[in-house]
Amino acid sequence: MPVSAAVTSIGLVVMWSSGFIGAELGTREAPADTLLMWRFLAAAAILGGAWALFRRRRLRPRALAEQAAIGALSQGGYLGGIVWAVGLGVPSGTAALIAALQPLAAGALAGRLLGETVSPRQWAGLAIGLGGVALVVQGDLSAGPAAAPAWAYGLPFAAMAALLAASFLERRARAPLAPVDAIPLHCLISAVLFTGVALAGGHAAPPAGGGFWAAVVWTVLLSTVGGYGFYWLSLRRNGVTGTSALIYLTPPTTLVWAYAMFGDAPGWTALAGMAVCVIGVTAATVRRSPDRSAQLAEDPVRDRAVSRVPAE
């Protein structure tokens with residue numbers, strides 16, 4: 001039974017947001033590249049093993065090449081850029097705000113690259129949603145300059161661009177794969193990338209504490225399987241613009257996660273930002289039902305059929 005559009009959208013927002021919590025849980029125990037390495041090694045082993053047992057089939061070389069590029073961008077490029085930036089001292093709220101520019105970039109490029117029409121109402125919703133995200137993360141934005149080097153602020157931009165590029169590549173893929181086939185391959189590519197980074201930095205050995213492995217389980221099940229699974233489902237159901245607009249809801253949802261997990265209560269400004277985000281995303285994603293009279297007026301076939309019905 002196909003997953004409904006509403007379930008796909010809610011699943012994307014909740015599961016994508018879980019990644020920020022998993023990152024905090026994991027980086028309390030080990031460096032970011034250690035967490036990313038073991039996260040994707042575990043994900044590749046679990047998902048790849050399940051695929052080999054229950055889904056094994058021959059994949060076309062073109063599909064393998066396309067999905068390798070998509071996985072390197074969507075997981076390696078996006079997660080690597082965000083986690084590296086935060087590790088260098090870029091405030092997490094600032095990184096979230098920069099990453100939240102993705103919907104505006106998607107809207108600007110969707111028409112040119114994919115032929116997706118972005119209506120004025122969607123543009124207004126995207127702009128409103130960005131304002132809501134700014135309110136949500138205003139605590140980080142007003143905290144003063146961080147200790148990060150200036151170039152580190154370019155990393156969230158690069159991460160946002162990598163995820164956006166992966167989204168466009170997936171929509172333009174000539175040999176598309178279902179998420180159940182694509183995600184194990186994405187995880188394998190990411191495991192190779194992050195293992196190389198961790199080995200080069202001397203951070204491959206995992207800590208002995210159970211907290212680290214709890215974070216690995218969290219990120220594998222919720223963030224990788226759940227987050228990326230729902231992301232690719234939403235991309236096919238809602239398109240690039242609609243899926244990107246839902247990303248605006250992830251900073252507010254992350255605040256809810258943080259309150260439940262760590263007791264970090266959001267302030268009134270953040271709560272107001274959540275409401276603004278919901279308004280913006282609703283405007284950008286909810287489709288209006290076409291006017292019935294307009295449908296009749298624009299349907300000449302129906303008009304001719306109606307004209308042949310004798311008047312009573």
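What to note about this one:
- Global form of region 202-249, assessed from the alpha-carbon gyration tensor, a/c cut-off 1.5: prolate
- Farthest toward positive dipole pole in region 17-287 [+1 Lys/Arg, -1 Asp/Glu at C-beta], among 128, 188, 259: 188
- Shape metrics for region 17-287, restricted to C-alpha atoms - Rg then Dmax, Å: 18.3, 54
- In nm, spacing of pseudo-spin labels at residue 88 and residue 260 (7 Å Cα→C-beta vector): 3.3 nm
- Among 212, 246, 270 the positive-end extreme of the charge dipole of region 17-287 (Cβ point charges): 246
- Once the Cβ-Cβ distance of residue 214 and residue 119 is raised to the sixth power relative to R0 = 35 Å, the FRET efficiency obtained is 0.20.
- Listed peptides 252-263, 203-214, 231-242 by packing density, highest first (mean Cβ within 10 Å): 231-242, 252-263, 203-214
- Its Cα centre serving as origin, region 17-287 has a Cβ charge dipole (Lys and Arg +1, Asp and Glu -1) of approximately 1180 debye.
- Extension gain (nm, one decimal) between residue 282 and residue 45, 0.36 nm per residue minus Cα-Cα: 81.5 nm
- Cα pair count fraction exceeding 17 Å, expressed as % - region 189-276: 68 percent
Every number here is computed from the coordinates shown, using simple stated rules; none is lab data. As the structure is a prediction and not an experimental result, all values here were calculated from the model. All Cβ positions, even for glycine, are placed from backbone atoms using ideal geometry, and neighbour counts span all protein chains on display.
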